[in-house]
Amino acid sequence: MKNRILPFIFFVLSLTLSMAQGVSFEAKLSKRTLGLNERLRVDFVMNENGDNFTPPSFSGFRVVGGPNQSISNSWVNGKRSFSKTYTYFLTPTQKGALSIDQATIKIDGEIYKTTPQKITVTEAVDIPRDPNSPEYLIDDNLHLVAEISNPRPYVNEAITIVYKLYFRNPLRISDARAVENPKFADFWSHNIDIPQLKVEDGTYKGEPYKMVVWKKSVLYPQKTGKLSIEPLSLNLIIDLPSNRRDFFGNRILQQSSRTVTAGRRTINVKALPEKGKPANFFGAVGQFDFDALINKNALKATESFEIKLKVSGKGNLKLFNLPQLVLPNTLEIFEPEHTENVVTTLSGMQGSIEDNYTIVPRFQGKYPISPVAFSYFDPKKEQYFTLRSREQIVDVYGGPLANNSDDNSTPLAAKQLLSNTDESFRFIKLNPNLEPIVKKAFWNSKLFYGLITAPFFLLLGFVLFLKRNQRISNDVEGSRLRLANRLSKKYLGEAKKNLKNKALFYDALERALYNYLKSKLRIKTDDFSKSRIAEILVKRNLTQEEIKSFLYLLENCEVARYSPATDAKMQQDFDQALAVISNIDKKI
């Protein structure tokens, strides 16, 4: 008999404990600070039905409405959801720090109490608001906030800005869209993708709210002083409980439209300190490692080897240039190939950038590769650091010795013997086919027949020219494409002329690329998005590498406006643009 009773007792105890743990009874306030002439709404909410509800004494307040009782009971997917609320409307009778004491209720034989709530009453306000009105509910329970990680960064130091939408009961948001997005002028910016908006639990000014992260961006300020961040504005469709009820006693919801804004924010950007700034500082800000890597230490003359200057770490990796490589004059050095492996997260850019030099020695000998210095500023330690690569030796063998005399001859002008063969004089024609000059009559000459037939060809050409002009004038779309083609060639010419002016060069190069898309691929201005461009290039049978090269060039034109660029880098971008356009022409 005992074996049967004990399991039953344990079952009843566990059921009682689970019910006790699931019961909640709390007091919710419409606001915690109000004027002496305003009203306060207090909701006592429970998730299980109870009896013998006892409100607090409301010391320091006068009850002007209530208690109003509402019950919500529903079943969703087999789960029961119950809520019972007692609502009071109060007006304060004095200023200062007041409190609403505990309320009690009996649920399943147990007494539950609410937590005392602190309230601050100030001077009377000019326009008191009804805590039960839709405007009051929206203003007091809906907030769009821009959270900035560092309001006083250094120039080129990464900061993050996160836009969060806070809301709480009784509001429900059924639709939201952005009506004004910040442009982030004077910043290099990167938006962090948010795959799906999620509703999470959050805290706003110490109170629990529902929260949605709407937008996340990483900013690198490019100027010093006070910089303004434009506001983000959202248009929201909000569901609010009305005073009407349906057949089952539930409140009927009404919709309201509201535009909320995060407000304009201002940050104070500090200039990098002049004290201790190295002479070879090129604007790197962050935490970095640096090294110079050589792929060969011994090779034959006229063979090539590579020196790779690599910077890795966390900071403004896309916004500075690597140091120049200085080598002996007897080594032939080519323009470096620049590569980037950078990922931008909410904490900023991180990864590596490289300049890969190809060097060809013409003469044998031992060539010292001097150390290369790289300087950067660490904003956390507020200090400059200089990193140096180690000195290395490259042994070149199997070639001529360099001419060390003081004459003006260069190592590349080494003496060579000319081969004395017949091939050297192939440009002379030794057996010409000469014909005697014979006088012919004018009427039987080519000139005579040419003058006779010329008017007919001129008339035919004039008629064809008129028809062509008429066809062109009727072809509006063709005229637009031809205009875009001419503009593309024009801006390419302007970019070539402005290789010494970074701003004019990249502006002209970007215009040339977009007009080329208009003329060759029939892309309209409204479709100028990277995803749309990639989709059209895929249809034209371009490979992913070719598409990536074109999109990288467009992105580089945008980035280069805020980052330093050398003449060699601009020449490299111009050559790459010609190569990309030529490659697409071949494919289509």
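Here are some notes:
- Positions within the range 49-58 being at pLDDT 85 or above and either in a strand (DSSP E or B) or within 17 Å of LYS106 (Cβ to Cβ) (or both), in sequence order: PHE53, THR54, PRO55, PRO56
- So THR54, is it in the same structural domain as VAL121 (by TED's automatic domain parsing) and closer than 24 Å to ILE71 by Cβ: yes
- When residues of the range 265-294 are limited to those that are basic (Lys, Arg) and under 30 Å from the mean Cα position of the chain (by Cα), the one surrounded by the fewest Cβ atoms within 10 Å (Cβ to Cβ): LYS270
- Residues within the range 153-183 that are within 17 Å of the chain's Cα centre (by Cα) and not aliphatic (A, V, I, L, M), tallied: 8
- First in the range 182-197 and within 13 Å of PRO221 (Cβ to Cβ), second anywhere and surrounded by fewer than 16 Cβ atoms within 10 Å (Cβ to Cβ), Cβ under 6 Å, 6 or more apart: ASP186/LYS223
- Just so you know, in the range 43-57 the residues that are within 53 Å of the chain's Cα centre (by Cα) and among the hydrophobic types (A, V, I, L, M, F, W, C) include one that is surrounded by the fewest Cβ atoms within 10 Å (Cβ to Cβ), and it is VAL45.
- Qualifying residue in the range 158-165 (condition: part of a loop (DSSP other than H, G, I, E, B) and in contact with a Phe, Trp or Tyr (Cβ under 7 Å, 6 or more places away or on another chain)): yes
- Only one of the numbered conditions (1) under 23 Å from VAL155 (Cα atoms); (2) in contact with a Lys or Arg (Cβ under 8 Å, 6 or more places away or on another chain) is not met by LEU317, and that is (2).
- Among the conditions (1) over 30 Å from ASN150 (Cβ atoms); (2) buried (at least 18 other Cβ atoms within 10 Å of the Cβ), the only one that THR358 does not satisfy is (2).
- Residues (modelled with pLDDT under 80 and part of a loop (DSSP other than H, G, I, E, B)) located in the range 70-104: ASN77, GLY78
- For the range 16-48, a residue qualifies if it is among the small types (Gly, Ala, Ser) and assigned to a strand (DSSP E or B), and the qualifying residues are ALA27, GLY35.
- Near pairs, Cβ below 7 angstrom, 6+ apart or cross-chain, from the range 52-70 (charged (D, E, K, R)) to any residue that is part of a strand (DSSP E or B) and modelled with pLDDT of 85 or more: ARG62/LEU90
- In this entry, VAL326 passes the filter for residues that are outside any strand (DSSP E or B) and under 19 Å from SER389 (Cα atoms).
- GLY109, sole failed condition from (1) modelled with pLDDT of 85 or more; (2) surrounded by fewer than 19 Cβ atoms within 10 Å (Cβ to Cβ); (3) of a type outside the set (Ser, Thr, Tyr); (4) assigned by TED's automatic domain parsing to the domain that holds ASN49: (1)
Conditions (1) over 30 Å from VAL155 (Cα atoms); (2) assigned to a strand (DSSP E or B); (3) not assigned by TED's automatic domain parsing to the domain that holds VAL155, marked per residue:
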{"site": "ALA178", "(1), (2), (3)": "no, yes, no"}
{"site": "PHE184", "(1), (2), (3)": "no, no, no"}
{"site": "TRP188", "(1), (2), (3)": "no, yes, no"}
{"site": "ASN191", "(1), (2), (3)": "no, yes, no"}
{"site": "ILE194", "(1), (2), (3)": "no, no, no"}
{"site": "GLU200", "(1), (2), (3)": "yes, yes, no"}
{"site": "MET211", "(1), (2), (3)": "yes, yes, no"}
{"site": "VAL218", "(1), (2), (3)": "no, yes, no"}
{"site": "LEU227", "(1), (2), (3)": "no, yes, no"}
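- Residue within the range 342-353 that is free of Cβ contacts under 8 Å to residues at least 60 places away in the same chain, more than 21 Å from SER389 (Cα to Cα), assigned to a strand (DSSP E or B) and more than 28 Å from the chain's Cα centre (by Cα) present: no
The values are calculated or read from the model by the stated rules, or taken from the named source; none is laboratory data. Predicted model, so just to flag it, every value in this text is computed and none were measured. A quick note on method: Cβ atoms are made from the backbone with ideal geometry, for glycine too, and the neighbour counts reach across all protein chains shown.
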